[in-house]
1. Kindly list, by first and then second residue, each pair from a residue in segment 138-154 that is assigned to a helix (DSSP H, G or I) to a residue that is among the small types (Gly, Ala, Ser), limited to pairs with Cβ atoms under 7 Å and residues at least 6 apart or on different chains.
2. Select from segment 9-31 the residues that are part of a helix (DSSP H, G or I) and free of Cβ contacts under 8 Å to residues at least 60 places away in the same chain and write down the one among them that is most open to solvent (accessible area, probe 1.4 Å).
3. Within segment 32-61, work out how many residues are of a type in the set (Gly, Ala, Ser), part of a helix (DSSP H, G or I) and open to solvent by 10 Å² or more (accessible area, probe 1.4 Å).
4. Of the residues that sit in segment 170-190 and are of a type outside the set (D, E, K, R) and surrounded by fewer than 22 Cβ atoms within 10 Å (Cβ to Cβ), which one is modelled with the lowest pLDDT?
5. For segment 120-143, state whether one or more residues are within 20 Å of the chain's Cα centre (by Cα), over 22 Å from residue 176 (Cα atoms) and either of a type outside the set (D, E, K, R) or buried (at least 18 other Cβ atoms within 10 Å of the Cβ) (or both).
6. Name the single residue that is nearest to residue 42 (Cα to Cα) among those in segment 163-197 being in a loop (DSSP other than H, G, I, E, B) and of a type in the set (D, E, K, R).
7. Quick one: count up the residues across segment 70-85 that are open to solvent by less than 50 Å² (accessible area, probe 1.4 Å) and within 15 Å of the chain's Cα centre (by Cα).
Amino acid sequence: MKADVLGVSFDAMPFADVLEACKGFLEGQAAKAVFTPNPEAVMMAQGDPAYRATLNSGDLVIPDGIGIVLASRLGKVRIKERVTGYDLSCALLGHMGPEGQTAYFFGSAEGVAERAGDWAERAYPGLRVVGRHHGMGFREATDEVVGSINGLRPNLVLVGLGMVNQETWIRENAASLDVGLLIGVGGVLDHFAGDVRRAPKAFRAVGMEWLYRLFALRRLGRQKVLVRFVAKVIGGRLRRKGGAAGG
């Protein structure tokens, strides 16, 4: 089932089903792509048809933001729960350790992938993070990174290049990669490395992680996007209802 939120099609699957699908992808012969858009990414896609098409090309597109879940309730298909890139990554890495599977971390500033890999190997016994590469100048480094990944053949690649960049990179390079699964994870590597703290559990439990970031990280400029997102979702719903009534 797909839930349409402002032209971006999300898989309306509970976390457990997403996790099981991704476990299967890890063993696959052709690279699969999982994208994790939040409301900000959806708003960026409004003015960028190419980015919207890239998001919709994902093998799984999961709702990393309570705003996506709430917006879906105004449409025909409802998303039951948020599935964050962070939680999915942690669950997968925890599964991979006992299975003897391997990961590759690509993205963020210099040194972050290395520290994130060290943390992951401590947190998930048995896991091997066989490759680590920063995301600085990633376009120029693409051939190097692709060669490195294909030489190591990891089951999972976490790509943290930020919105638009990470999804575009995955779409452009997936067919050339000998890997089971690629996930666009935004700032997850920074969290793993300890450079950025997650919101307290109480905020996450009620879907208010955005509010914590608003004050703790002073992201007021970016959070204004949420206001525009809500206005656009509600406006679209009202127009559809008006059109139906007029018809």
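The values are calculated or read from the model by the stated rules, or taken from the named source; none is laboratory data. Being a predicted model, the structure only gives us computed values, none of them experimental. Every residue, glycine among them, receives a Cβ derived from its backbone with ideal geometry; neighbour counts consider all protein chains shown. Protein only, heavy atoms only, side chains kept; ligands, DNA and RNA dropped before computing areas. Shrake-Rupley method; radii C 1.70, N 1.55, O 1.52, S 1.80 Å.
1. 146/176; 148/131; 149/131; 152/131
2. It comes out as 20.
3. Total satisfying the criteria: 2.
4. Residue satisfying both the conditions and the ranking: 187.
5. Looking through segment 120-143, at least one residue is within 20 Å of the chain's Cα centre (by Cα), over 22 Å from residue 176 (Cα atoms) and either of a type outside the set (D, E, K, R) or buried (at least 18 other Cβ atoms within 10 Å of the Cβ) (or both).
6. Taking segment 163-197 and keeping what is in a loop (DSSP other than H, G, I, E, B), we get 163-164, 177-180, 185-187, 194-197.
Keeping just the survivors that are of a type in the set (D, E, K, R) gives 178, 195, 197.
Numbers: 178: 29, 195: 26, 197: 24 Å.
Ranking the qualifying residues of segment 163-197, first place goes to 197.
7. Result for segment 70-85: 3.
Every residue, every condition in (1) crowded, with 22+ Cβ neighbours inside 10 Å; (2) more than 18 Å from the chain's Cα centre (by Cα); (3) closer than 25 Å to residue 175 by Cα, yes or no:
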{"residue": "63", "(1), (2), (3)": "yes, no, yes"}
{"residue": "89", "(1), (2), (3)": "yes, no, yes"}
{"residue": "96", "(1), (2), (3)": "yes, yes, yes"}
{"residue": "102", "(1), (2), (3)": "no, yes, yes"}
